[in-house]
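Values quoted throughout were computed directly from the atomic coordinates according to the rules given, and no laboratory measurement underlies them. Predicted model only: the values in this text are computed from it and were never measured. Quick reminder, even Gly has a Cβ in these numbers, built from the backbone with ideal geometry, and neighbours come from all protein chains shown.
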Amino acid sequence: MNPKTFIIDCPWCKAKVAALEHGHATKKGFDDEEGEPFGITLVVGECPSCHELLAGESYQIDFKGLDSDEDRWSDIVRIYPKPPKTFLSYRIPRTVRDSIAEADKSLQANANIAACAMLGRALEAVCRDVLEPAPSRRRSVPATSSPKKHVMLGEGIRKLKEKSFIDDRLYDWSQQLHAFRNIAAHPTDESISREDAEDLQTFVYAIIEYVYDLTDRYNEFKERISRKRKKSV
Ligand SMILES: [Zn+2]
């Protein structure tokens, strides 16, 4: 009998592999709030090439007898090693979170150009969130006013630095990302290696962490210290 396998991205081999399955667990049901059906499978195994352990998750997309003739599951996304990045700050906009999730999925599928396009989208969304004052996003803007032009990536990066949201080093990284995003966005012959795309992903994570998570954490820290000082006076 052939051993059971599942397709997953091996970060060490930097390729999709048919991992040898050592076990899996599935849970199905209906969620408490909306009553929507769900299905999730966790699977563990080893890479047939480097023999490192790999674990992934898959979500059910179609449900037999409910919305489809047959059950259908998403591609397996790796959760060990190198799980998808999670950020802490509640201020991070959904567009940013969605774009980095898409970029990660693209990388795991070796779609490096798509990954760079999504990383650029994430950074552009950070620029808009940080630089565009909230009133422009409100619906109360009169319909007669001219439509607001959103800040684009190149200009956004410059302004982030001018206004000290990012420092010199993060600015350099952002510019590299901008250059690669442009390669990704236009039909040129240039290709992007997985190594480069992974580095850019790391830089984008650092920028988001700096702008949101670390800033929140530092503000909380300062507040705590000043409360303590006031108490001790
Ligand atoms: Zn491997």
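Being surrounded by 14 or more Cβ atoms within 10 Å (Cβ to Cβ) and either within 10 Å of the ligand (Cβ to nearest atom) or more than 24 Å from the chain's Cα centre (by Cα) (or both): is that true of H24 here? So H24 fits the description; yes.
In the stretch 6-17, the residue that is farthest from the ligand (Cβ to nearest atom) out of those that are under 15 Å from D75 (Cα atoms), of a type outside the set (D, E, K, R) and surrounded by 15 or more Cβ atoms within 10 Å (Cβ to Cβ) is F6.
Going through (1) in contact with a helix residue (DSSP H, G or I) (Cβ under 9 Å, 6 or more places away or on another chain); (2) in a helix (DSSP H, G or I) one by one, A179 falls short only on (1). The set of residues in the stretch 49-70 that are of a type outside the set (S, T, N, Q) and within 16 Å of the ligand (Cβ to nearest atom) comprises C50, H51, E52, L53, L54, A55, G56. Among the residues of the stretch 35-43, are any surrounded by 15 or more Cβ atoms within 10 Å (Cβ to Cβ) and within 16 Å of the ligand (Cβ to nearest atom)? Looking through the stretch 35-43, at least one residue is surrounded by 15 or more Cβ atoms within 10 Å (Cβ to Cβ) and within 16 Å of the ligand (Cβ to nearest atom). Scanning the stretch 146-164 for residues that are surrounded by fewer than 18 Cβ atoms within 10 Å (Cβ to Cβ) and within 10 Å of C127 (Cα to Cα) yields a total of 6.
Of all residues in the stretch 165-180, those that are closer than 14 Å to I192 by Cβ have Cβ atoms under 8 Å from Cβ atoms of residues that are of a type in the set (V, I, T) and buried (at least 20 other Cβ atoms within 10 Å of the Cβ), 6 or more apart or on another chain, in L177/V204; H178/I157.
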